[in-house]
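Asks: The structure that follows is given in the form of structure tokens.
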Amino acid sequence: MPDIQSVEESLLARVQATPETGRAIPDAATRETIGYAPEHAVADVAAAVARAKAAQPAWEELGHEARAQSLLEVADAVDAHAEALARLLSREQGKPLDGPNARFEVGACATWLRAAATITLETEILIEDGTDHAELTYRAIGVVAAIGPWNWPLMIAIWQIAPALRMGNTVVVKPSEYTPLSVLALVDVLNAVLPPDVLVPIVSSDREVGARLAAHGDIGKVMFTGSTVTGRRIVEASGANLARLTLELGGNDAGIVLPDADPETIAEGLFWGAFINTGQTCAALKRLYVHESIYDEVIDALAAVAERMPMGYGLDEGNVLGPLQNSKQFDIVKRLVDDAKDRGGRVVIGGEPVPELGPNFFAATIIADLGDGVALVDEEQFGPVLPVIKYANIEDAIASANGLDAGLGASVWSSDRAVARAVAARLRAGTVWINAHGAVHPNIPFGGVKNSGYGLEFGVEGLKAVAEPRVVAG
Ligand code: TXE
């Protein structure tokens with residue numbers, strides 16, 4: 001049996017370009033080149049869409065059972081390559097193998113593929129009274145564009161690809177320019193099972209390529225995860241092709257800790273809610289409101305958890321926190337932390353880069369005694385930093401949580417679920433978790449409100465989102 005490193009190398013060799021024709025992709029931690037991403041130009045978009053369009057009718061014709069079977073086989077293929085994919089992902093994205101990181105992400109790919117294969121979207125009988133009959137069915141849309149980010153590049157690609165394929169669409173996948181190699185390797189693993197051109201990758205560092213793909217007349221649906229700014233551009237582009245859109249955009253999720261919560265019990269959940277993937281997660285806990293009666297205890301318990309979490313190179317076993325994926329994100333995090341310190345924030349732990357680990361490492365940071373109006377609270381930090389804000393009155397905490405334009409997730413922490421649910425009911429977010437944050441499940445719909453986007457992924461709702469509804473009446 002070949003060792004894992006050679007499986008990883010052969011995956012990379014199959015998908016990468018030469019140094020002459022490709023773009024060097026750095027290891028996120030060391031910045032050493034790990035491979036060369038092929039580059040496509042705007043002119044290649046039409047050819048990629050044409051291939052997917054030509055393959056679509058036969059894929060749809062196969063029927064649900066055969067497509068579901070294909071997805072199950074694809075999931076097995078992902079499992080068979082799991083460690084090699086996780087290593088490549090770890091190097092390119094930066095997230096460690098261990099913890100809720102690279103191995104976890106590849107495992108989630110297989111889980112979501114299997115879920116997309118097994119969930120069914122039933123015909124809805126709307127009227128059946130002996131005389132009249134009306135039913136709602138769903139069929140494929142056609143070609144779906146899957147445009148993804150760099151933070152969870154494999155898992156999010158699968159979130160977009162798996163339901164789209166299940167419903168009989170073909171897919172053109174456009175990975176982030178920061179993490180193209182791991183997505184290409186995943187697509188290569190999938191394509192060893194799928195018929196040709198059902199899944200077509202297009203790779204580019206030129207954002208115009210993504211824009212052209214979203215606006216292409218033969219794209220019937222765009223699945224997009226990324227920034228709110230780009231999301232708006234995609235909405236504008238859809239004015240031309242009237243493509244259906246699912247937009248999963250940035251978040252600035254609030255957590256509210258009620259006075260009856262037990263700090264020791266919730267500390268680890270709070271930590272991973274905020275620091276999963278070193279904070280580079282759309283639905284991570286990004287601002288924490290804690291009742292004054294347990295404020296100090298919660299901060300101490302959180303800091304104690306943070307202190308024992310090793311940060312370092314992703315391939316070194318035992319590390320659970322890694323670098324920021326890119327220097328642009330590192331600069332955002334540093335700017336927000338410096339500003340928070342200038343504005344009177346108290347650094348409880350961290351607060352500084354860790355250059356001895358590599359250029360993009362920033363220590364796990366908890367900053368207390370901040371209030372709304374400070375950039376670290378109001379803007380999405382997308383890094384390993386959690387601002388903690390003291391509140392006295394629950395009405396104020398709810399107003400603060402609802403006070404920003406973002407509305408992806410939120411959480412309430414309490415020893416009494418009924419009390420927590422009553423607060424949850426007043427929070428304006430796509431998902432409100434109780435005593436957890438960011439815990440997604442393949443059968444539970446997930447999506448944002450306000451500037452965090454619209455449309456649902458996962459479960460039956462996720463299948464509907466990549467399907468064209470058709471009513472037959474009479
Ligand atoms: O995202 P972009 P970036 C947030 C995070 C981060 C910021 C920017 O705060 O600092 O977004 O990240 C493609 N038409 N999130 O710059 O630009 C692009 O090539 C079509 C939150 O990476 O939105 C890439 O594949 N596509 C987020 C994808 O869009 C276009 C995860 C995302 O890029 C395009 C990541 C266009 N006009 C960052 N322009 C989350 N919700 O989790 C670019 N792209």
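Asks: Answer with one residue from Thr278, Ala340, Gly448: the one whose Cα lies farthest towards the positive end of the charge dipole of the chain, charges on Cβ with Lys, Arg +1 and Asp, Glu -1.
Replies: It is Gly448.
Asks: Order these by the 10 Å Cβ neighbour count, fewest first: Thr21, Thr365, Thr228.
Replies: Ascending number of Cβ neighbours within 10 Å: Thr21, Thr228, Thr365.
Asks: Each label point is 7 Å from the Cα along the Cα-to-Cβ direction; what then is the distance between the points at Arg207 and Gln69, in nm?
Replies: Each label point lies 7 Å from its Cα, and together they span 4.5 nm.
Asks: Fully extended, how many nm does the chain gain between Asp76 and Ala43 (0.36 nm per residue separation, minus their Cα-Cα distance)?
Replies: Additional length available on full extension: 8.4 nm.
Asks: Using the structure shown, select from Lys390/Lys450; Lys95/Lys221; Lys53/Lys450; Lys221/Lys334 the pairs with a Cα to Cα distance greater than 28 angstrom.
Replies: Table pairs above 28 Å Cα-Cα are Lys95/Lys221; Lys53/Lys450; Lys221/Lys334.
Asks: Out of all DSSP beta bridges with both ends in the chain, state the antiparallel percent to the nearest 5.
Replies: Taking every DSSP beta bridge with both residues in the chain, the antiparallel ones total about 35 percent.
Asks: Also, quick follow-up: Between the range 97-137 and the range 393-415, how many Å separate their Cα centres?
Replies: 30
Asks: Please give the length that would be gained between Arg417 and Ile434 if that part of the chain were fully extended, namely 0.36 nm times their separation in residues minus their C-alpha to C-alpha distance (nm, one decimal).
Replies: Full-extension gain reported as 5.4 nm.
Asks: Taking the Cβ of each residue in Lys174, Lys286, Lys334 as the centre, tally the other Cβ atoms inside 10 Å and list the residues starting with the fewest.
Replies: Lys334, Lys174, Lys286
Asks: In addition: So how do Val200, Val354 line up by other beta-carbon neighbours within 10 Å, fewest first?
Replies: Val354, Val200
Asks: Mind checking the dipole of the range 281-378: about its Cα centre, +1 per Lys or Arg Cβ, -1 per Asp or Glu Cβ, Debye to the nearest 20?
Replies: 320
Asks: Now for a separate question. Taking the Cα centre of the chain as origin and charging only Cβ (+1 Lys, Arg; -1 Asp, Glu), how large is the dipole, in debye to the nearest 20?
Replies: 940
Asks: Taking the Cα centre as origin and putting +1 on Lys and Arg beta-carbons and -1 on Asp and Glu beta-carbons, what dipole magnitude results for the range 85-125, to the nearest 20 debye?
Replies: That gives a dipole near 340 debye.
Asks: May I have the extent of the alpha carbons of the chain along their three principal axes, as whole Å values ordered from largest to smallest?
Replies: Extents along the principal axes: 66, 62, 43 Å.
Asks: Tell me what the chain gives for mean residue ellipticity at 222 nm when only DSSP H runs of n ≥ 4 count, each as -39,500 (n - 2.57), the sum divided by the residue total, rounded to 500 deg cm²/dmol.
Replies: Using -39500 (n - 2.57) per qualifying helix, the result is -13000 deg cm²/dmol.
Asks: Further question: Taking the alpha-carbon centroid of each part, what is the distance from the range 1-80 to the range 419-433 in angstrom?
Replies: The two parts, judged by their Cα centres, are 39 Å apart.
Asks: Could you work out the relative contact order of the chain, using alpha carbon pairs under 8 angstrom and six or more residues apart, expressed as a whole percent?
Replies: Dividing the mean separation by the residue count of the chain yields 18 percent.
Asks: What is the gain in length, in nm to one decimal, between Asp338 and Asp296 on full extension, counting 0.36 nm per residue of separation less the C-alpha to C-alpha distance?
Replies: Working it through step by step, the gained length comes to 12.9 nm.
Asks: Between Ser10 and Arg308, what FRET efficiency comes out of the Förster formula 1/(1 + (r/R0)^6) with R0 = 45 Å and r the beta carbon distance, rounded to 0.05?
Replies: Once rounded, the FRET efficiency stands at 0.75.
Asks: Farthest toward the dipole's positive end in the range 357-446, which of Ala436, Ser400, Asn360, given Cβ charges of +1 (Lys, Arg) and -1 (Asp, Glu) about the Cα centre?
Replies: Ala436
No value in this document is a laboratory result; all are computed from the given coordinates. Note that the structure is a prediction, hence the values are computed from the model and not measured. Reconstructed Cβ throughout: ideal geometry from the backbone, glycine too, with neighbour counts over all protein chains shown.
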